[in-house]
1. What tally of residues in the stretch A:268-294 results from selecting those that are under 16 Å from A:C231 (Cβ atoms) and assigned to a loop (DSSP other than H, G, I, E, B)?
2. Can you pull out every residue in the stretch A:5-15 that is closer than 14 Å to B:C56 by Cα and either more than 9 Å from every other protein chain (Cβ to nearest Cβ) or within 13 Å of ligand 1 (Cβ to nearest atom) (or both)?
3. With the condition kept exactly as written, say whether any residue in the stretch B:12-23 is of a type outside the set (S, T, Y) and surrounded by 20 or more Cβ atoms within 10 Å (Cβ to Cβ).
4. How many of the residues making up the stretch A:116-129 are away from every other protein chain (no Cβ under 14 Å) and within 16 Å of ligand 2 (Cβ to nearest atom)?
5. Going residue by residue through the stretch A:145-162, is there one that turns out to be buried (at least 21 other Cβ atoms within 10 Å of the Cβ) and under 19 Å from A:A40 (Cβ atoms)?
6. Suppose we keep only residues that are within 13 Å of the chain's Cα centre (by Cα) and aliphatic (A, V, I, L, M) within the stretch A:17-37. Which one would you say is farthest from the other protein chains (Cβ to nearest Cβ)?
7. How about the stretch B:54-89: which of its residues are more than 7 Å from ligand 4 (Cβ to nearest atom), in contact with a helix residue (DSSP H, G or I) (Cβ under 6 Å, 6 or more places away or on another chain) and on the phi < 0 side of the Ramachandran plot?
8. Among the residues of the stretch A:101-127, write down those that are part of a helix (DSSP H, G or I) and touching a Ser or Thr at 6+ places or on another chain (Cβ under 6 Å).
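Rule-based calculations on the coordinates, nothing more; no lab input. In this text, all values refer to a predicted model and were calculated from it rather than measured experimentally. In this analysis, Cβ positions are derived from the backbone assuming ideal geometry, glycine residues included, and neighbour counts consider all displayed protein chains.
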Amino acid sequence: MTAKDLSKDEFFYGHKACAGCGGSLAVRNALKVIGKNAFAVLPAGCMSAVGFNFPQLCFANNAIISTFAGTASMLTGIEAGLRAKGATDFTAVGFAGDGGTADIGIQALSGAIDRNDNILYICYDNEAYMNTGIQKSGLTPFGAKTTTTPSGKNIHGNIRPKKNMFEIVSAHDIAYSATASIGYMEDFLNKVKKACEIRGTKYIHVIAPCPTGWGIPVSNTVEIAREIVDCGLWYLAEYENGEFTLNHDPKEFTGVVEYLKKQSRFRHLTDDDIQIIIQSRDAKWEKIRRDWRR
Amino acid sequence: MKPYLREKKNFGFSDIPGSTSFEAGYLVSVNSGWRSIKPVVNMEKCIGCMQCYLYCPDGAISIENKKAVIDYDFCKGCGICQKICKLNAIEMEAER
Ligand SMILES: Cc1ncc(C[n+]2csc(CCOP(=O)(O)OP(=O)(O)O)c2C)c(N)n1
Ligand code: SF4
Ligand code: SF4
Ligand code: SF4
Ligand SMILES: [Mg+2]
């Protein structure tokens, strides 16, 4: 899919996200792929906070706020309810943040995958609880400074690595799951399209930088979302029919140091900290290249 | 189809449905006041490649007659479109 194939309609418009917000771009374009028959569920988090400020209601399609933990269970209910009413042509789609997915909503998501409910769950990952002012989530990467993982003399930001949500979800033997980045938009659009055509539970994990929380200029959101893939700290992959596939295998990685130092959340890192990040990247890619289809 | 501006009225209880639901795509305020700089499209240089449209987080760009057109009511002036444009057809100018 390219820009030409997208619906000209705008379904997420007039919202109050910060200028240059990556999450809002993910939501906007996913809905342009899915179309007007999307029934969107948004838990507590930036995208619900910026989309529903009565009477400013920024979704053109049906959309509802769920409890923080309940994205997937509300999707299950909406799908079952519409089916019971005889509807056939619709997509129940959730847009939840990293905190709402990897921490607080993981149980409901796991249950939905277990039942293989016919829903699409999109996690827009900005790597922290942004809407409440940048707290660490399970998807905050090693070394990142947040208000709950500050950097000081002894501790340099987050001491734990990022949870491997894509593989956790895939390990349920889900119908379809994928990773993406808003910096590689066509790849993301293709995956949303593909997910819409598969029956069962679908999960897409899209990196969606937050200029406010990452400490980058608002004009750099898309560039940094490309760079995280190019430097190997994120990867574009799919899981389907019990197999992992790597979609994009960079011949050479761009600099991790350059990627990190552009963001104020990483600026405190020492050379030793950065070595840890590079080593864990290399170990991950060794496994990916050994075990996944390319 | 897209959310659009309506009259901003003072909603009384009688206007609000019994449940916490309301008409979709109901807008009462613009975002133009957020900008300190604004993108301006050079119509000679623009070839309508749609990249700025694809990457605008606010959906404020549409392509009309093969040219990028910006909805200044909802553009926040982030400058992503200016960086994305390979033809340098967008320049950021100071808001005044
Ligand atoms: C049960 C519950 N706990 C806490 C909150 C407060 N809260 C609202 S949004 C939010 C952060 C959400 O973070 P994330 O899911 O990553 O989405 P983001 O804001 O980053 O888009 C928190 C903690 C809440 N609304 N409900
Ligand atoms: S804080 Fe970050 S995720 Fe939230 S609206 Fe602003 S840019 Fe988007
Ligand atoms: S990216 Fe540049 S050339 Fe392409 S449509 Fe936008 S302004 Fe025109
Ligand atoms: S400056 Fe930002 S909000 Fe305005 S049109 Fe360009 S990309 Fe969209
Ligand atoms: Mg988040």
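1. The qualifying residues number 1.
2. A:H15
3. Taking the stretch B:12-23 and keeping what is of a type outside the set (S, T, Y), we get B:12-13, B:15-18, B:22-23.
So of that shortlist, the ones also surrounded by 20 or more Cβ atoms within 10 Å (Cβ to Cβ) come out as none.
There is no residue in the stretch B:12-23 that is of a type outside the set (S, T, Y) and surrounded by 20 or more Cβ atoms within 10 Å (Cβ to Cβ).
4. Quick first cut of the stretch A:116-129, residues away from every other protein chain (no Cβ under 14 Å) only: A:116-123, A:125, A:127-129.
Right, trim to within 16 Å of ligand 2 (Cβ to nearest atom) and you get A:122-123, A:125, A:127-129.
Result for the stretch A:116-129: 6.
5. no
6. Here the answer is A:A30.
7. Listed by number, the residues that qualify are B:L54, B:I63, B:A68, B:Y72, B:D73, B:K83, B:I84, B:C85.
8. Scanning the stretch A:101-127 gives A:D103, A:A108, A:A112, A:I113.
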